[in-house]
Amino acid sequence: MIADKQNFSPFNEEPISLISQAGEWTAPFACDLKDEQLKTMYQQMLAARLMDERFIKLQRSGKMSFVAPHSGHEAAQIAAAHAVRVGTDWLFPYYRDYGMTYALGEPLIEIFAQVTGSRLDTAKARQMPMHPSSKELNIFTGASAIASHIPPAVGAAISMKIRETGQVVLTSFGDGATSEGDFHAAINYAGAQGAPVVFLCENNRLAISVDFNKQTGAENIAIKAKAYGMPGYLVDGMDVLACYYVLQECVENARAGLGPSLVEAQVQRFGAHSSADDDSIYRSKEELEQMRQRDPLLRMRRFLENQGLWSERDENLFKKEILGEFQAIIDTLAEAEKVPLEWMFDDVYAEMLPHIAEQKKDFLG
Ligand SMILES: Cc1ncc(C[n+]2csc(CCOP(=O)(O)OP(=O)(O)O)c2C)c(N)n1
C-alpha cells in the first residue's frame, strides 16, 4: 500500500530524491500532483533554460550589462514557486532566481524589461540586471551584497507571525551566502522567534570560483539547521519533485505555526558565475559534461515521457512558441523610448529632499 503523504525526516544523510535519472517515481508515497501541474513545472523549467540562453546572447550583443546564469538551478527554483501561495506569501530571492520569479507568474515582458533596463521596467530601470522584484507577486528586491536580503526576510516573517496573517516567507541564496554574518544573524533569530520562514540554499558548491570545502568545515549546509533550532533537509536539487514536496511541507509547517526550516537543494551551476567570470580557469570541460548528465530538465522530461504526458513534438512546439514570445518582447523593448534620466532622482524619498533636488538640477542643467 502506497502512502498518500510523506513527512520527511530532517537531517537525512543522503539527499532526498523522488525521481530516478531514468525518470521513474521512486518514492514510497503517491505523487498527487495533477498531470497539468506536472507539465507546467517542466514547461517552466524549459522556458527558464531558454531564457537563460537568451539572456547570455543579449549580454554578448550589448543589450544587457550583466548576467548571472541560472541553468542547472531550475528544479529548485520552479519547485519553490509551486510550494508557496502566490500573491499571499512573500519571496526574498537572490540574483540567480529568474526561474523562480517566472514560475511565480512574473510576465516575461517585465522580466526582460528589468534585465535590459528598459523604460517598461516596473522598477524604473533602477536595479542592476539580475535583481528581480514584483509588487503584485510579493517579490522583494534585494541588494547586491550577498545575504543582505535574508535579515529583511526574517523581519517580514516575524511581522507576519505577530500579526497572525497566515503568510509565509521563502528566501533563497547560494552556499557562499551562508558564510556571511547576515545569514547567521537572520537564521539564528528566526529560530529563536519561531518565524514562519523557509530558508532555501541553492548549493552549487561554488561561490564564483571558491569551492564549497573552502566555504565551511561542515559536511553540508542542512546540518547547520540543528544549531539554529530548526529542521534541516538535504535535497537532490536536480529533482524538481523532491524539491517541491520538501519545500511544500516546510512552507505548510511554517504556516501551521511550526516555525522555520532550512532546505539545502544540491544543484549544479552549468554556466559561468556571471558574464564577468571565465569558469574555464577553475573547472574542466569534462567536469561540466559530467554535471550535465544530471540535468534537471532531462530527468523531469523522462518522467513525463514515461507517463505519456510529453513527447518530442510537444518539446519542439513549446520551444518554438516560447522563443517566439521572447523575440516579440525583445522587439517591443527595442521600440520603447529610452529611460528618462530624471527617473534616477525620483521616488528616492516620498518627498524629494533638498539635496536630491539640487543634484537633479545640477545633473539635468
Ligand atoms: C558581501 C558581498 N561579498 C562579496 C560579493 C561578491 N560576490 C558576488 S556573487 C558572489 C558569490 C556568491 O556565491 P553563492 O552565495 O554560493 O551563490 P552563487 O553565485 O554560487 O549562486 C560573491 C562573492 C558580494 N556581492 N557581496
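The values are calculated or read from the model by the stated rules, or taken from the named source; none is laboratory data. Source: prediction; values computed, not measured. Counting neighbours? That spans all protein chains shown, and the Cβs are built from the backbone with ideal geometry, glycine included. These accessible areas exclude ligands, DNA and RNA; they are computed on the full protein's heavy atoms, side chains included. Shrake-Rupley method; radii C 1.70, N 1.55, O 1.52, S 1.80 Å.
When you scan the range 195-225, how many residues do you find that are touching a residue at least 60 places away in the same chain (Cβ under 8 Å), within 13 Å of residue 177 (Cα to Cα) and more than 10 Å from the ligand (Cβ to nearest atom)?
Matching residues across the range 195-225 total 2.
Examine the range 106-129 for a residue that is within 16 Å of the ligand (Cβ to nearest atom), assigned to a loop (DSSP other than H, G, I, E, B) and either open to solvent by 20 Å² or more (accessible area, probe 1.4 Å) or free of Cβ contacts under 8 Å to residues at least 12 places away in the same chain (or both), and state whether such a residue exists. Don't jump to the end; show me each part of the working.
As a first pass, look at the range 106-129 and keep what is within 16 Å of the ligand (Cβ to nearest atom): 127-129.
Among the residues that remain, those that are also assigned to a loop (DSSP other than H, G, I, E, B) are: 127-129.
Still in the running and either open to solvent by 20 Å² or more (accessible area, probe 1.4 Å) or free of Cβ contacts under 8 Å to residues at least 12 places away in the same chain (or both): 127-128.
Scanning the range 106-129 turns up at least one residue that is within 16 Å of the ligand (Cβ to nearest atom), assigned to a loop (DSSP other than H, G, I, E, B) and either open to solvent by 20 Å² or more (accessible area, probe 1.4 Å) or free of Cβ contacts under 8 Å to residues at least 12 places away in the same chain (or both).
Residues 286, 325: which one is of a type in the set (D, E, K, R), part of a helix (DSSP H, G or I) and surrounded by 14 or more Cβ atoms within 10 Å (Cβ to Cβ)? Let's see the steps before the verdict.
Working: 286 fails: surrounded by 14 or more Cβ atoms within 10 Å (Cβ to Cβ).
From the options 286, 325, the qualifying one is 325.
May I ask you to verify whether residue 81 is assigned to a helix (DSSP H, G or I), under 21 Å from residue 246 (Cα atoms), out of contact with any Asp or Glu (no Cβ under 6 Å at 6 or more places or on another chain) and not acidic (Asp, Glu)? Break it down stepwise before answering.
Numbers: assigned to a helix (DSSP H, G or I): yes; under 21 Å from residue 246 (Cα atoms): yes; out of contact with any Asp or Glu (no Cβ under 6 Å at 6 or more places or on another chain): yes; not acidic (Asp, Glu): yes.
Against the criterion (assigned to a helix (DSSP H, G or I), under 21 Å from residue 246 (Cα atoms), out of contact with any Asp or Glu (no Cβ under 6 Å at 6 or more places or on another chain) and not acidic (Asp, Glu)), residue 81 qualifies.
Which residue, of 152, 129, is out of contact with any Leu (no Cβ under 7 Å at 6 or more places or on another chain) and within 25 Å of residue 342 (Cα to Cα)?
Details: 152 fails: within 25 Å of residue 342 (Cα to Cα).
Going through 152, 129 in turn, the sole match is 129.
Would you please name the residue that is farthest from the ligand (Cβ to nearest atom), looking only at residues in the range 155-190 that are buried (at least 23 other Cβ atoms within 10 Å of the Cβ) and over 26 Å from residue 208 (Cα atoms)?
Out of the qualifying residues, it is 168.
Please go through the range 140-154 and give me each residue that is open to solvent by 30 Å² or more (accessible area, probe 1.4 Å), of a type in the set (A, V, I, L, M, F, W, C) and near the ligand (Cβ under 9 Å from one of its atoms), ordered by number.
The initial filter retains those residues of the range 140-154 that are open to solvent by 30 Å² or more (accessible area, probe 1.4 Å), namely 140-141, 143-146, 148, 151-152.
Those still in the list that are of a type in the set (A, V, I, L, M, F, W, C) too: 140, 143, 145-146.
Within the range 140-154, 143, 145, 146 qualify.
Being away from the ligand (no atom under 16 Å from the Cβ), closer than 23 Å to residue 119 by Cα and touching a helix residue (DSSP H, G or I) at 6+ places or on another chain (Cβ under 6 Å) is the filter here; which residues of the range 51-100 pass it?
The answer is 54, 64.
Given 99, 62, which one is of a type in the set (Gly, Ala, Ser), part of a loop (DSSP other than H, G, I, E, B) and either surrounded by fewer than 23 Cβ atoms within 10 Å (Cβ to Cβ) or modelled with pLDDT of 95 or more (or both)?
Values: 99 fails: part of a loop (DSSP other than H, G, I, E, B).
When all the criteria are applied, what remains is 62.
State the number of residues belonging to the range 2-55 that are open to solvent by 10 Å² or more (accessible area, probe 1.4 Å), hydroxyl-bearing (Ser, Thr, Tyr) and within 29 Å of residue 315 (Cβ to Cβ).
Going through the range 2-55 one residue at a time, the tally reaches 4.
Would you please list the contacts, defined by Cβ atoms under 9 Å and residues six or more apart or on different chains, that run from a residue in the range 233-247 that is closer than 15 Å to residue 81 by Cα and open to solvent by less than 10 Å² (accessible area, probe 1.4 Å) to a residue that is in a strand (DSSP E or B) and among the charged types (D, E, K, R)?
Correct list of pairs: 237/202; 237/264; 242/236; 243/236.
Being surrounded by 11 or more Cβ atoms within 10 Å (Cβ to Cβ) and of a type in the set (D, E, K, R) narrows it down to one residue among 305, 312; which is it? Spell out the reasoning first.
On the way: 312 fails: surrounded by 11 or more Cβ atoms within 10 Å (Cβ to Cβ).
Within the list 305, 312, the selection yields 305.
Identify, by number, the condition in (1) open to solvent by less than 20 Å² (accessible area, probe 1.4 Å); (2) closer than 26 Å to residue 27 by Cα that residue 226 doesn't meet.
All conditions are met except number (1).
Go through the range 248-277 and give me each residue that's away from the ligand (no atom under 15 Å from the Cβ), part of a loop (DSSP other than H, G, I, E, B) and open to solvent by 40 Å² or more (accessible area, probe 1.4 Å).
Residues satisfying the conditions are 256, 257, 258.
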